[in-house]
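Since every read-out is calculated from the coordinates, none of them should be taken as a lab result. Keep in mind the model is a prediction, meaning the values are calculated, not measured. All Cβ positions, glycine included, derive from the backbone under ideal geometry; neighbour counts span all protein chains shown.
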Amino acid sequence: MEKYKVAAEKMLKGNTHPDLIAKEALVRAQFSSQQRESFFNEAYGELLVQYFTAWLGTDPHEVKTREFIYNSALSLGDVKQKLINFETYGKNVPYIEDNTQ
């Protein structure tokens, strides 16, 4: 419980200005977004390298295996694009809600 003490005291005092709370939230959101992006880019890069080295390890006559590896790499790109779309949509939700009201 000691690790939550500072946050609890800040909220219970109730004298924190809303602008300060918003600025702190923005800084935390930017930090988490950067960390998430770094994590996914590293994982994505590692997987692409694994697919590429597996593809290089095949012989030219292994067409089905090569096509499977190629399509797996394309699928990985589709997953990354979907994650980016979800994150972009999530960042835009407050603006979308403001326009609908």
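Observations
- For residue 33 and residue 68, a Förster radius of 30 Å and the Cβ-Cβ distance give a FRET efficiency of 0.35, rounded to the nearest 0.05.
- Under Karplus coefficients 6.51, -1.76 and 1.60, residue-wise ³J(HN,Hα) of the stretch 48-62 in Hz, glycine/proline x: 4, 5, 4, 4, 5, 5, 5, 5, 5, x, 8, 8, x, 7, 7
- Length gained when the stretch residue 49-residue 82 is fully extended (0.36 nm per residue, less Cα-Cα span): 9.8 nm
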